[in-house]
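Novice: This is the structure I have questions about; it appears just below.
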Amino acid sequence: MTTTFIRAACATAAVLLLPTLALAASEGGGSTNVLKPDAVNSIVTVIVFVALLAILYAFAWGPILKGLQAREAAQFQAIEDAKKAKEDAAALRSKLDAELAAAAQQAKAIVDEARRDAEALKKTLAEEGRKEADAERERARRDVAIERDAALKDVYTKAVELATLMATKAVRQQVTVDAQSELVNASIAELNATKA
């Protein structure tokens with residue numbers, strides 16, 4: 001920065017001194033020595049140069065320098081903010097990844113538990129179905145046994161009635177083979193008639 005300032009000051013001094021040198025050369029009619037020092041011109045030139053430097057520093061270089069420094073500070077602050085935001089985003093991303101992993105594990109646990117509950121319910125329902133089918137089969141067996149016993153009892157009762165009827169008729173008459181056949185046929189006919 002200092003080197004740039006010195007270069008700019010030298011260039012400005014050269015630009016300011018050139019018109020003075022040209023003016024001095026034209027006044028003398030060409031015989032004047034341009035390199036001859038003139039104290040008044042030199043002092044005025046130095047005063048004008050210093051005044052110009054002061055004005056430029058106060059109204060141009062100072063505000064430009066302050067603006068550049070503020071811009072540089074803002075850029076550094078923006079870089080720091082970006083680094084901080086990047087770190088915050090990375091921390092938030094890792095936190096979210098951890099939460100997602102935990103949620104995925106929790107969802108898997110819920111699905112596994114639901115699967116186990118479904119299997120248990122399926123087994124329970126199958127067992128209840130088997131028990132109900134067994135109970136229904138047992139009831140059907142009991143009903144069949146009751147019906148069979150009733151039918152057998154009915155058959156025994158009819159057989160006893162038939163035997164009693166045959167015995168009563170046999171006692172009334174003397175039984176021959178033909179008479180016995182007729183007696184059996186007549187008893188069966190009477191039994192059938194009582195059923196109808």
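Novice: Would you confirm whether any residue within the stretch 96-110 is within 30 Å of Ala11 (Cβ to Cβ), surrounded by 10 or more Cβ atoms within 10 Å (Cβ to Cβ) and either in contact (Cβ under 8 Å) with a residue 24 or more places away in the chain or among the aliphatic types (A, V, I, L, M) (or both)? Show your work before the answer.
Specialist: Taking the stretch 96-110 and keeping what is within 30 Å of Ala11 (Cβ to Cβ), we get none.
No; the residues of the stretch 96-110 include none that is within 30 Å of Ala11 (Cβ to Cβ), surrounded by 10 or more Cβ atoms within 10 Å (Cβ to Cβ) and either in contact (Cβ under 8 Å) with a residue 24 or more places away in the chain or among the aliphatic types (A, V, I, L, M) (or both).
Novice: Filter the stretch 37-80 down to residues that are among the hydrophobic types (A, V, I, L, M, F, W, C) and either open to solvent by 90 Å² or more (accessible area, probe 1.4 Å) or within 17 Å of Ile6 (Cβ to Cβ) (or both), then give me how many there are. Break it down stepwise before answering.
Specialist: We begin by selecting, within the stretch 37-80, every residue among the hydrophobic types (A, V, I, L, M, F, W, C); these are 39-40, 43-44, 46-56, 58-61, 64-65, 68, 70, 73-74, 76, 78-79.
Applying the additional criterion that residues be either open to solvent by 90 Å² or more (accessible area, probe 1.4 Å) or within 17 Å of Ile6 (Cβ to Cβ) (or both) yields 40, 43, 46-47, 49-50, 52-56, 59-61, 64-65, 68, 76.
Residues that pass the stated criteria total 18.
Novice: Moving on to the next point. Can you name every residue in the stretch 57-80 that is among the aliphatic types (A, V, I, L, M) and at pLDDT below 85?
Specialist: Looking only at the stretch 57-80, we keep the residues that are among the aliphatic types (A, V, I, L, M), and these are 58, 60, 64-65, 68, 70, 73-74, 78-79.
Those that are among the aliphatic types (A, V, I, L, M) and at pLDDT below 85: Ala58, Ala60.
The values are calculated or read from the model by the stated rules, or taken from the named source; none is laboratory data. All figures in this text were calculated on a predicted structure; none of them were measured in a lab. In this analysis, Cβ positions are derived from the backbone assuming ideal geometry, glycine residues included, and neighbour counts consider all displayed protein chains. Only protein heavy atoms, including side chains, enter the accessible area calculation; ligands, DNA and RNA are left aside. Shrake-Rupley method; radii C 1.70, N 1.55, O 1.52, S 1.80 Å.
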